[in-house]
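For reference, the structure discussed in these notes is given below.
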Number of protein chains: 4
Amino acid sequence: MKALVKTGRAPGAELLDVDIPTIGATDVLIRVKAAAICGTDIHIYHWTPFAQARLKPPLIFGHEACGEVVAVGDQVTTPKLGDLVAVETHIPCGQCYQCQTGAQHICERMAIIGVHTDGAFAEYARIPAVCCWRLSKDTPADLGAILEPLGVAVHGALSGEINGKSVAVFGCGPIGLFCVGVVAALGATKVFALEPNPTRLAMAHRLAPQARLLNPAREDVVRAILEATEGRGVDVSLEVSGSTEATKMAFQVLRRGGRVSLIGMPSAPVELDTPEDIIYKEATVLGCTGRIMWQTWWQMQYLLESGRFDPMPVITHRFPLADFSSALELAAGGETGKVLLYP
Amino acid sequence: MKALVKTGRAPGAELLDVDIPTIGATDVLIRVKAAAICGTDIHIYHWTPFAQARLKPPLIFGHEACGEVVAVGDQVTTPKLGDLVAVETHIPCGQCYQCQTGAQHICERMAIIGVHTDGAFAEYARIPAVCCWRLSKDTPADLGAILEPLGVAVHGALSGEINGKSVAVFGCGPIGLFCVGVVAALGATKVFALEPNPTRLAMAHRLAPQARLLNPAREDVVRAILEATEGRGVDVSLEVSGSTEATKMAFQVLRRGGRVSLIGMPSAPVELDTPEDIIYKEATVLGCTGRIMWQTWWQMQYLLESGRFDPMPVITHRFPLADFSSALELAAGGETGKVLLYP
Amino acid sequence: MKALVKTGRAPGAELLDVDIPTIGATDVLIRVKAAAICGTDIHIYHWTPFAQARLKPPLIFGHEACGEVVAVGDQVTTPKLGDLVAVETHIPCGQCYQCQTGAQHICERMAIIGVHTDGAFAEYARIPAVCCWRLSKDTPADLGAILEPLGVAVHGALSGEINGKSVAVFGCGPIGLFCVGVVAALGATKVFALEPNPTRLAMAHRLAPQARLLNPAREDVVRAILEATEGRGVDVSLEVSGSTEATKMAFQVLRRGGRVSLIGMPSAPVELDTPEDIIYKEATVLGCTGRIMWQTWWQMQYLLESGRFDPMPVITHRFPLADFSSALELAAGGETGKVLLYP
Amino acid sequence: MKALVKTGRAPGAELLDVDIPTIGATDVLIRVKAAAICGTDIHIYHWTPFAQARLKPPLIFGHEACGEVVAVGDQVTTPKLGDLVAVETHIPCGQCYQCQTGAQHICERMAIIGVHTDGAFAEYARIPAVCCWRLSKDTPADLGAILEPLGVAVHGALSGEINGKSVAVFGCGPIGLFCVGVVAALGATKVFALEPNPTRLAMAHRLAPQARLLNPAREDVVRAILEATEGRGVDVSLEVSGSTEATKMAFQVLRRGGRVSLIGMPSAPVELDTPEDIIYKEATVLGCTGRIMWQTWWQMQYLLESGRFDPMPVITHRFPLADFSSALELAAGGETGKVLLYP
């Protein structure tokens, strides 16, 4: 089969002919119908320190995927042959304290598909049965491919109450866009979308027309938010950008007693003025990663079935897998929504 | 009356004869029976940048106090003449969002007794009626004087679940000691007390014999805690020291999904590795300040009535107010528990 | 002034000329601009056992009201002369455990305006300052008059999570209608409105077109809800009807682990099969009464400012106070939304 | 092997020689070292309507058990041969909404060992691997056998906050006794133990000397609790008796805003005065069943390791399996703590 392989410890990747994966007793084999590019994939392609610290080439990468089950291992009871599934990237051990207490998504011995095991930028992929979320047959494969990143947004946004709250979303890359759309759909009464890139701000507007758009490159966003909240600040900050500057702002615009959910990954340590930012303010700061298995997936299913929010407009570009290079460079440019690949 | 006055913008303080305060319609006058020295008082005495940024001399300082009500304003319905009261240091505005939603202790327009208004290192003190907690007549005045700082510990420790949890307390000054005692009394199944000063560690041992004592000056406390928790880390870190090093350790020893409550005030910004310390770990970080009015006070009353915890051994020194200089220097030395003054 | 007075212990009421109320030091006098009829008012008018157990005539009744402050007591700092205010019906003591721990709305010594003190079906009403919620000057008086009952719905609906949940609302009287509108506006992904009266069901449809309408007089609503939820049942039941039959159904349609909020007041004891309805199912059952002071009012303000929900269509009839008899009988008929009176 | 078999649809049971169970790919075989008698076993033995509605003889009953793993199925990775395990009685399906969202203990398709499948009153028992909790080798088998019922108490007691709370426990059978011991160990500041049987009350005293003992057969317990709580009522009622009278009392002694956890199973419907008992009071009522998998088991492990509570004194009688008849009748008599059987 064709597969996009990180062949060496250097920038780049190669589209190779490789064997279709063999599966173990608890795995399934899926025929990949669509896969989406994640920031992690760009790290791998560019061979950044983040990737260097985690990856052992050669490895097929890619992990946001939707596919049809074409083979099942001996011990697999679900999913079934022919099922359409979305891939949950995190492979929990099932045995640690976290796995045993409803927090598999922060398993102590987590492995990640497309980082620690061969991934989904390929015609076929071996996926542990425990990482499959079954979709109804009529689900568009494109939608299935973006559920994993949508789940990051749903989990992060709903890690605390948003009903009747003012919410500021820092960063309007794909996950930030999902956040804006989700909180606007699910009961936030005031939404601020912050992003320096005008293209992405415009996307936020299309997803949530009621959101107030703020460009930190052009205006004093802290002042703007404080003025729009009677000087009090927002109830909730969702930090999705990974920028250290944005992280600091996320605290500055927060009202006393508010919540900051940290979703984006800064590449450098963040210096916080903990007395002013957290202690006197009694801020609640929540780290958010991945998706709660399977609560977040159920939330997505209910949300999508209800028609309250349509994430599809976040997909802006589609390429055949062979054009991976253009696709990855485009996604890295920071002007797109989600970029999809079709093996 | 005699009162300890911060007379100028320089180190030191003077014991002066001043007029007994006049009270407003919503105030009471108390005859101070005992007052305790807080870290803030030491800042004021030493005229640190912290104090310089907050205080406008001349001002009577001191705010952890117990006294008898000897006069009441026209509009005061409670407390009554003759009541014994402990002082809640925070004067909430009663009108802001926080005050109207059960969070007066993080009022937007908070004033603090002994910082923004004349305080309690004096024979008499004017206290807003709204800042009085009534005590039963037989409550020792010494106990009444330490309820305010005990409340900081109770509020911080109980800002999340401690039942059946492993808890590490960073710093065994008076509030850290209270934390150790409270979590040991109220259901923590494993308690670690961390403190470089052997005298204070020994006090932690007397308050909670089951606590494991760890001295970061002498051993690798992160390793010790991880070993004692099967490599998983503690469920809860209570950071009471205000040390940036301890703050970092509080995150390092935390298990995935754990809670860090930040109670102590660092004097410098803290640089956090938010991906490792908070995000991947899905830590919950809570700023904790003051006492919830009046939930924390009720919790203290119930706790003390039950006999589960006796905070009195944390009081190690007692001085007449005239010896304020010795008392403040001793308290500043970091070898004591609570130091009390009697006007 | 003109006032509607319950003059004796028998059905009926009289519109009398009485003195304008004198106010105490902590009261304000409002000129009533609009008042709404509550179920309690109908009980009083019809002199039901519910009213007989609570009321001591003579008394001016009515408590859902909006008015302008025309006089303020000596000790009142807020509201100010000229302010437009909505009335919070519950007068908390301010001293009991509940009042001191953020739960004034379940005060142990609660008094109720229009039940224990003279109320608002009059040209002027004496209102404790502590029961006034300030409105912006441009708020329609009709809206101000229905905030109190809207608050019952907001408090009850938001007593647990509704985001991404399926919610069944039992009863579409005014408060049930508010519930339907609020949960549809604030993130419920599936809404069921249950009501035997077709007129009221049609109102539910106008407020929340996405709600599924179910008439228990015409169909097997338990089966219909189970079928519409894959046999699992709803996440949340809001019981607003006070009917014992509906209360039982609220449990029968609940999924394992779901929540029932009891808002409507049954006039007879309810026999529950606690093992099947609550224990095996691990139901969470929440009693809900009144409005959290002032959290619920802030939630309403944010909700209304956002434009997510407009409660005004729930007002269906308007009468001058002189036509109280027609208004009360109409409201008692069960075919209306909110009925307003104008003194 | 010897096994206690419910052979027919009539009172009684027979100790028979039967084949050692064969196990499936996901099962283990344990050699039973100790088993405890549950109320359900008495229902089965006496062939009550409760048993008649659930059981299809012939069936080996008994489900509270501790044993050594002597064979493992092909697909089992844990537990291992030779492991000592306690049995979790509930067999979750793993596929339903509840199983996928951290609530396996309220699985929609739950099967129960010793009720729906052959149980543990036998020399050997087939147990699904997913129902095994691994114990350290030095755990006494008697302790292992009572973890399942202890878990019911831990789960019920900790279904809400008990720290610094007043708690009334209704019923001092084995699970009630565990509740009394656990809440006293874990931070309740006032504990009331209610039970008509003086022998059991005396056991409550030995487990928790600080608990106040109340005998509803001899005194007005509602008045006693109200007097002991300043007329306010308790923060938490744990209803463990299953008595309808006790259930009503559990609400009557509750303070406004308090919690009732329903743990015991009434055999008849309970008539509740929902306005007075739940709505005006804003009670939180929680159904509690089984043990959260595996959070409750981890809580037990931490609790037992800490030495804060020793449940062993609740075991009062021990019999060889051959004396099952005496053991079951004794346990049915209501004068014992836990009764153990040894196959």
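Pairs linking a residue in segment A:331-343 that is under 12 Å from A:Ile315 (Cβ atoms) to a residue that is acidic (Asp, Glu) and not in a strand (DSSP E or B), with Cβ atoms under 7 Å and 6 or more positions apart or on different chains, are A:Leu340/A:Asp142.
Quick check: is even one residue across segment A:267-285 closer than 30 Å to B:Arg291 by Cβ, among the small types (Gly, Ala, Ser) and assigned by TED's automatic domain parsing to the domain that holds A:Cys172?
Going residue by residue through segment A:267-285, those that are closer than 30 Å to B:Arg291 by Cβ are A:270-285.
Now drop any that are not among the small types (Gly, Ala, Ser), which leaves A:283.
Retained after the next criterion (residues that are assigned by TED's automatic domain parsing to the domain that holds A:Cys172): A:283.
The answer is yes, given that some residue of segment A:267-285 is closer than 30 Å to B:Arg291 by Cβ, among the small types (Gly, Ala, Ser) and assigned by TED's automatic domain parsing to the domain that holds A:Cys172.
Of the residues making up segment C:169-176, not a single one is in contact with a helix residue (DSSP H, G or I) (Cβ under 7 Å, 6 or more places away or on another chain), within 14 Å of chain A (Cβ to nearest Cβ) and within 27 Å of C:Ala35 (Cα to Cα). Taking interchain pairs and intrachain pairs at least six residues apart, which have beta carbon atoms under 6 angstrom, with the first residue in segment C:286-313 and facing another protein chain (nearest Cβ under 7 Å) and the second surrounded by fewer than 19 Cβ atoms within 10 Å (Cβ to Cβ) and among the hydroxyl-bearing types (Ser, Thr, Tyr)? Every condition considered, the pairs that remain are C:Thr289/D:Tyr280; C:Gln295/B:Thr101.
Would you be able to tell me the number of residues in segment C:313-339 that are touching a helix residue (DSSP H, G or I) at 6+ places or on another chain (Cβ under 7 Å), in a helix (DSSP H, G or I) and open to solvent by 50 Å² or more (accessible area, probe 1.4 Å)?
Initial filter on segment C:313-339 (touching a helix residue (DSSP H, G or I) at 6+ places or on another chain (Cβ under 7 Å)): C:313-315, C:317, C:319, C:328, C:331-332, C:335-339.
Retained after the next criterion (residues that are in a helix (DSSP H, G or I)): C:313-314, C:328, C:331-332.
Those still in the list that are open to solvent by 50 Å² or more (accessible area, probe 1.4 Å) too: C:313.
Qualifying residue count, segment C:313-339: 1.
Checked against (1) open to solvent by 10 Å² or more (accessible area, probe 1.4 Å); (2) under 27 Å from D:Cys99 (Cβ atoms), C:Val253 passes all but condition (1). Among the residues of segment D:3-46, what is the count of those that are touching a residue at least 12 places away in the same chain (Cβ under 8 Å), out of contact with any strand residue (DSSP E or B) (no Cβ under 6 Å at 6 or more places or on another chain) and more than 30 Å from A:Thr26 (Cβ to Cβ)? Final tally of qualifying residues: 13.
Would you check which residues across segment B:222-245 are aliphatic (A, V, I, L, M) and over 23 Å from A:Gln98 (Cα atoms) and list them? Give the steps one after another, and end with the answer.
Step one: of segment B:222-245, the residues aliphatic (A, V, I, L, M) are B:222, B:224-226, B:228, B:234, B:236, B:238, B:240.
Scanning segment B:222-245 gives a single hit, B:Val240.
Here is the figure for segment C:319-330: residues that are under 19 Å from the mean Cα position of the chain (by Cα) and without any contact (Cβ under 8 Å) to a residue 60 or more places away in the chain total 2. One residue alone among A:Ala86, A:Ala145, A:Ala125 is farther than 22 Å from A:Thr289 by Cα, surrounded by 24 or more Cβ atoms within 10 Å (Cβ to Cβ) and of a type outside the set (S, T, N, Q), and that residue is A:Ala125.
Just to verify a result, which residue in segment A:185-197, among those that are within 14 Å of chain C (Cβ to nearest Cβ), closer than 14 Å to A:Val234 by Cβ and aliphatic (A, V, I, L, M), is surrounded by the most Cβ atoms within 10 Å (Cβ to Cβ)? Give the steps one after another, and end with the answer.
First, pick out the residues of segment A:185-197 that are within 14 Å of chain C (Cβ to nearest Cβ): A:185-192.
If we keep only those that are closer than 14 Å to A:Val234 by Cβ as well, we get A:188-192.
So of that shortlist, the ones also aliphatic (A, V, I, L, M) come out as A:188, A:191.
Numbers: A:Ala188: 32, A:Val191: 25.
The selected residue is A:Ala188.
With the structure loaded, tell me whether D:Glu64 is of a type in the set (Asp, Glu) and either surrounded by fewer than 17 Cβ atoms within 10 Å (Cβ to Cβ) or at positive phi (or both) or whether it fails that test. Judged against the criteria, D:Glu64 is not a match. If I filter segment B:268-278 for residues that are buried (at least 20 other Cβ atoms within 10 Å of the Cβ), under 30 Å from B:Val5 (Cβ atoms), away from chain D (no Cβ under 14 Å) and at pLDDT 95 or above, do I get at least one hit? No, every residue in segment B:268-278 fails to be buried (at least 20 other Cβ atoms within 10 Å of the Cβ), under 30 Å from B:Val5 (Cβ atoms), away from chain D (no Cβ under 14 Å) and at pLDDT 95 or above. Scanning segment D:301-312 for residues being assigned to a loop (DSSP other than H, G, I, E, B) and of a type in the set (Ser, Thr, Tyr) gives a total of 0.
Applying the condition of being open to solvent by 20 Å² or more (accessible area, probe 1.4 Å) and either polar (S, T, N, Q) or under 13 Å from the mean Cα position of the chain (by Cα) (or both) to segment C:148-179 and asking which residue is nearest to C:Ser261 (Cα to Cα) yields C:Ser159. Only a single criterion out of (1) within 14 Å of chain A (Cβ to nearest Cβ); (2) out of contact with any Lys or Arg (no Cβ under 8 Å at 6 or more places or on another chain); (3) open to solvent by less than 10 Å² (accessible area, probe 1.4 Å) is not satisfied by C:Gly258, namely (2).
Report yes if some residue within segment B:98-109 is farther than 16 Å from B:Thr289 by Cβ and either open to solvent by less than 20 Å² (accessible area, probe 1.4 Å) or within 14 Å of chain C (Cβ to nearest Cβ) (or both); otherwise report no.
Within segment B:98-109, the first condition is being farther than 16 Å from B:Thr289 by Cβ, and the residues that meet it are B:100-101.
Checking the rest, the ones that are also either open to solvent by less than 20 Å² (accessible area, probe 1.4 Å) or within 14 Å of chain C (Cβ to nearest Cβ) (or both) come to B:100-101.
The answer is yes, given that some residue of segment B:98-109 is farther than 16 Å from B:Thr289 by Cβ and either open to solvent by less than 20 Å² (accessible area, probe 1.4 Å) or within 14 Å of chain C (Cβ to nearest Cβ) (or both).
Would you pick out the residues in segment A:221-278 that are of a type in the set (Val, Ile, Thr) and touching a Cys at 6+ places or on another chain (Cβ under 7 Å)? Let's see the steps before the verdict.
Pass one, segment A:221-278, residues of a type in the set (Val, Ile, Thr): A:221-222, A:225, A:229, A:234, A:236, A:240, A:244, A:247, A:253, A:260, A:263, A:270, A:274, A:278.
Correct list: A:Val240, A:Ile263.
Tell me, yes or no, whether segment D:39-57 has at least one residue that is within 14 Å of chain A (Cβ to nearest Cβ), buried (at least 20 other Cβ atoms within 10 Å of the Cβ) and within 21 Å of the chain's Cα centre (by Cα). No, that holds for no residue.
Criterion first (closer than 24 Å to B:Gly334 by Cα and assigned by TED's automatic domain parsing to the domain that holds B:Asp323) does B:Lys56 satisfy it?
Values: closer than 24 Å to B:Gly334 by Cα: no; assigned by TED's automatic domain parsing to the domain that holds B:Asp323: yes.
No.
Scanning segment A:199-250 for residues that are surrounded by fewer than 16 Cβ atoms within 10 Å (Cβ to Cβ), under 15 Å from A:Val167 (Cα atoms) and polar (S, T, N, Q) yields one hit, A:Gln210.
The values are calculated or read from the model by the stated rules, or taken from the named source; none is laboratory data. Since this is a predicted model, take the numbers as computed values, not measurements. Every residue, glycine as well, gets a Cβ built from its backbone with ideal geometry; the counts of neighbours run over all protein chains shown. What goes into the accessible areas is simple: the full protein's heavy atoms, side chains included, and nothing from ligands, DNA or RNA. Shrake-Rupley method; radii C 1.70, N 1.55, O 1.52, S 1.80 Å.
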